[in-house]
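These notes concern the structure reproduced below.
The values are calculated or read from the model by the stated rules, or taken from the named source; none is laboratory data. From a predicted model like this one, the values you see are computed outputs, not experimental measurements. Every residue, glycine among them, receives a Cβ derived from its backbone with ideal geometry; neighbour counts consider all protein chains shown. Quick note on the areas: whole protein, heavy atoms, side chains included, nothing else; ligands and nucleic acids left out. Shrake-Rupley method; radii C 1.70, N 1.55, O 1.52, S 1.80 Å.
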Amino acid sequence: MSTATRGTGTTYREAMREALREALRSDERVFLMGEDVGRYGGCFGVSLGLLEEFGPDRVRDTPLSESAFVGAGIGAALAGMRPVVEIMTVNFSLLALDQILNNAATLLHMSGGQLPVPLVIRMTTGAGRQLAAQHSHSLESFYAHIPGIRVLAPATLEDARHVLAPALADPDPVVIFEHGSLYNAAGELGPAAGPVGLDRAAIRRPGTDISLITYGGSLPKALAAADELAADGIDAEVVDLRTLRPLDGTTLAVSVGRTHRAVVVDEAWRTGSIAAEVSARIAEESFYELDAPVERVCSAEVPIPYARQLEEAALPQTADIVAAAHRAVD
Amino acid sequence: MSASRPTTRPRKEPSAAKPGRKAATTRAGAGPPPAGRPEAGHRTDLLEAMLRIRRFEERCVELYSAARIRGFVHLYIGEEAVAVGVSSALEPEDAVVSTYREHGHALARGLTPEAVMAEMHGKATGCSGGRGGSMHLFDASRRFYGGSAIVAGGLPLAAGLALADRMRGLPGVTCCFFGDGAFAEGEFHETANLAALWNLPLLLVCENNLYAMGTALAREHAQTDLAMRAASYGMPAWAVDGMDVEAVEQAARRAVGGIRAGAGPHFLELRTYRFRAHSMYDPDRYRDKAEIAQWKSQDPIARLTERLRGDGELDDEELARTEQRLADEIDHAVTAAERAPEEPVEDLLRHVTSAPSGEVSRP
Ligand SMILES: Cc1ncc(C[n+]2csc(CCOP(=O)(O)OP(=O)(O)O)c2C)c(N)n1
Ligand SMILES: [Mg+2]
């Protein structure tokens, strides 16, 4: 996202669409389903044009029935298909959480290994557009809590473009979170950027003084904070978790081992968050490397409000990250 | 379905209504409202109530373009007869549960344009203190349990309100508005069953505007006769011309009358149409221009205006006076909203729990 310049190259939305197109072309078991993914083109326009290209059998509009169509995706995966199920937003995904937790994540183990579920679920997450408390939450940690599924949070154009193929190749359920504020992010997609591994976090900006650890829609804010900190003479490293389950503890330990200070930035509520898990990992694995307590910058513990100034105050902002880094360094 | 509930089939005449047909074939609920002839001026009140919603939302469009109103805004333009007709059959002790397309429900319930406009401006004087915005209007004093943006999410809540009123021996009827899309959700079907099973005082008002966002009714439902399906839960269910405010009111009065008399939940399918896109974000690529035009020709406001003129109950002067009064009311609401204070950022954590927990949630 550091290369983000509007109007050139591609957008996050187009990169995701291209990944879907490639998946639909290369494997006839793949199909896309969800509310308004077909004729409407997806509520955020990700699947625009795919119905025309692949037909209604493989780009399926569903009724409003999250539990039914996610459950149907699980069933279709069991029976040999490779469904990609889109849920409009993470708030609505709670209607399907039962299917995801009690079926998708559980069947393999409960059946003694007989029933793998090769399903991909995509959904939008996050706040920042004054959509209030039923459209704005970051519930990634609900999913990252669950053994048996993989949870991904592509934050760059490259990841948006290349995360789907390995997700579909995974024999187990994969949940992909797309932050709503990223869809219009634009830039050049390097032609050499190949498929990405799903297991490793990425250092988006190397540095030596402090690790800013984040994911998804907070990555641009962390990078902006790193720029500001550089002006203050603090060389911040930015770590993009990319995979929220399983967490890449190695990259975390290496980064903190280098910088000895960490700020974890997470748009979710602080209590029980991914940030809480990351902080615990650092405490467990890098305790003696730390020169300062781990700082967390999270959303305020409030349902995200509509009013602009309240929403801004509720969410982690670049200035909050800069301030937290100063607290850790000074 | 038990034999003790005889009126559980959809009434033949109303449910035969086809969307887009003229009033003659779609007037629901034979017979006059229980109170006999409505008092003089009642029909012009209905017109004014519909016009208030229309003009209010037209102003919202301007304000949204000027970025004074943000977030998701779902317009009700074209569907005003539903909110106005149904609300006019309700009493203050009744409860209302709404959706995210709720400006009409709120105004028809008596929330002031001022309170709603301030909310959409995110101001402290708004009916939800600026925290809800267009999709989350509330007013406990009017038993308006407000806007849910989770499709069908209001339905179970409505069953609970109805249950509590019954358990407490209160006379209220709970009215829940929801769309044709919501009818596909499990929460609708679970609620319908529960309400019928427990004989709850619940009025289920399905606003069938033929689309759930970009998905047309026939691509959403295997059986598109929604009233018939609702009847299968064991409740009276009627399809009504939702572009005819008097037909809506009449049907709602009959249903509410039945509910108050102890006959349990009733279902109304109001056949209607939104003239605008799903939300201000929606490019509306999925609907046919001719279809939109055909429905606009049944504008509920134009239809009632014509009828009143024909019956000699309305003249141009009176209409102009009404329009002026509404314009003033809305001007005032906008000015007040613009001048109103913002909720201070220091109060961000108010109302998260009833008692301050003292928990510090920001670094
Ligand atoms: C559970 C859930 N799923 C999806 C959405 C996104 N969404 C908002 S409105 C809507 C269409 C609802 O259609 P309908 O119930 O017919 O009501 P209408 O908008 O036509 O008034 C959709 C899909 C949502 N808000 N909640
Ligand atoms: Mg609808």
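Below are the figures for this structure:
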{"read-out": "Backbone N within region B:244-284 under 17 Å of label point (7 Å from B:D225 Cα along the Cβ vector)", "value": "B:267-271"}
{"read-out": "Alpha carbon centroid spacing (whole Å) that separates region A:236-286 from region B:270-295", "value": "47"}
{"read-out": "Choice from A:V174, A:V302, A:V85 showing the highest fluctuation, given a GNM over chain A with Cα pairs closer than 10 Å", "value": "A:V302"}
{"read-out": "Rounded to 10°, Cα long-axis angle of helix A:219-231 versus longest principal axis of chain A", "value": "20"}
{"read-out": "DSSP-defined beta bridges in region A:202-329 - what % are antiparallel, rounded to 5", "value": "20"}
{"read-out": "C-alpha long axis of helix A:66-78 to longest principal axis of chain A, angle in °", "value": "80"}
{"read-out": "Among A:G113, A:G249, A:G216: highest mean-square fluctuation, GNM of chain A, C-alpha pairs under 10 Å", "value": "A:G113"}
{"read-out": "Cα gyration tensor shape of region A:207-277, rounded if a/c is under 1.5, else prolate or oblate by comparing a/b with b/c", "value": "oblate"}
{"read-out": "Sequence-distant aspartates and glutamates (8 or more away, or on other chains) whose Cα lies within less than 16 Å of B:K289", "value": "B:D299"}
{"read-out": "Antiparallel bridges, percent of DSSP beta bridges restricted to region A:5-187 (to nearest 5)", "value": "10"}
{"read-out": "In degrees, nearest ten, helix A:249-259 long axis to first principal axis of chain A (Cα)", "value": "20"}
{"read-out": "All-pairs Cα distance distribution in chain A, expressed in whole percent, bin size 20 Å", "value": "33, 58, 9"}
{"read-out": "Pairwise centroid distance, computed over Cα atoms, of region B:106-141 with region B:223-268, Å", "value": "29"}
{"read-out": "Shielded residues, region B:194-228 - accessible-area loss of 10 Å² or more between chain alone and all protein chains, probe 1.4 Å", "value": "B:A212, B:M213, B:G214, B:T215, B:R219, B:E220"}
{"read-out": "Pairwise Cα inverse-distance average, inverted: Kirkwood Rh of the protein assembly as shown (Å)", "value": "26.9"}
{"read-out": "Separation of the A:S111 and A:D330 label points, Cα + 7 Å toward Cβ, nm", "value": "5.8"}
{"read-out": "Max mean-square fluctuation residue, GNM over chain A, Cα-Cα springs under 10 Å, options A:E140, A:E86, A:E277", "value": "A:E277"}
{"read-out": "Buried solvent-accessible surface, both chains (A, B), 1.4 Å probe, Å² to nearest 100", "value": "3600"}
{"read-out": "Rounded to 5, the percent of DSSP beta bridges in chain B classed as antiparallel", "value": "15"}
{"read-out": "Gap separating the Cα centres of region A:307-330 and region B:61-89, nearest whole Å", "value": "35"}
{"read-out": "Solvent exposure of region A:55-110 as accessible area per residue, Å², 1.4 Å probe", "value": "38"}
{"read-out": "Residue mean of other protein chain beta carbons inside 10 Å, B:66-78", "value": "2"}
{"read-out": "For chain B, radius of gyration divided by Kirkwood radius, i.e. Rg to Rh on alpha-carbons", "value": "0.97"}
{"read-out": "Using θ = phi - 60° and Karplus 6.51 cos²θ - 1.76 cosθ + 1.60, couplings along region B:267-284 (whole Hz; Gly, Pro as x)", "value": "10, 10, 9, 9, 7, 9, 7, 8, 6, 9, 5, 4, 8, 5, 8, 8, x, 6"}
{"read-out": "Heavy-atom accessible surface of the protein assembly as shown: percent carbon and sulfur, 1.4 Å", "value": "53"}
{"read-out": "Stokes-Einstein D in µm²/s, Kirkwood radius over Cα pairs - region B:100-241 at 25 °C with 0.890 mPa s viscosity", "value": "153"}
{"read-out": "Sorted largest first, extent of region A:1-155 alpha carbons per principal axis (Å)", "value": "51, 35, 30"}
{"read-out": "Estimated vicinal HN-Hα couplings, Hz - region A:11-24 in sequence order (Karplus 6.51, -1.76, 1.60; Gly, Pro = x)", "value": "10, 4, 4, 5, 5, 5, 5, 4, 5, 5, 4, 4, 5, 5"}
{"read-out": "Cβ-defined net charge surrounding A:D330, 14 Å radius [Lys, Arg +1; Asp, Glu -1]", "value": "-2"}
{"read-out": "Rg to Rh quotient for region A:202-329, alpha carbon positions, Kirkwood Rh", "value": "0.95"}
{"read-out": "Largest to smallest principal axis extent of the C-alpha atoms in region A:52-140, angstrom", "value": "45, 35, 17"}
{"read-out": "Shape call, region A:67-110: gyration tensor on alpha carbons, a/c limit 1.5", "value": "oblate"}
{"read-out": "For region B:110-125, 3J(HN,Hα) per residue [Karplus equation, 6.51 cos²θ - 1.76 cosθ + 1.60, θ = phi - 60°, Hz, x = Gly/Pro]", "value": "x, 4, 7, x, 4, 5, 6, 4, 5, 4, 5, 7, x, 9, 4, 7"}
{"read-out": "Label-point separation in nm, A:D27 to B:E291, each point 7 Å along Cα→Cβ", "value": "3.5"}
{"read-out": "Global geometry of region B:173-313, whether rounded, prolate or oblate, following the gyration tensor of its Cα atoms and the 1.5 cut on a/c", "value": "oblate"}
{"read-out": "Å² of accessible area per residue within chain B, as computed with a 1.4 Å probe and no ligands counted", "value": "41"}
{"read-out": "Over 19 Å [Cα-Cα, region B:256-344], rounded percent", "value": "71"}
{"read-out": "Amide H contacts of A:L152 (H built 1.01 Å from N, under 5 Å, at least 5 apart or other chain)", "value": "A:V175, A:I176, A:F177, A:L244"}
{"read-out": "Solvent-accessible surface (1.4 angstrom probe) belonging to B:T335, in square angstrom, nearest 10", "value": "60"}
{"read-out": "Spatially proximal aspartates and glutamates relative to B:K296 (Cα-Cα < 12 Å; intrachain offsets below 8 disregarded)", "value": "B:E79"}
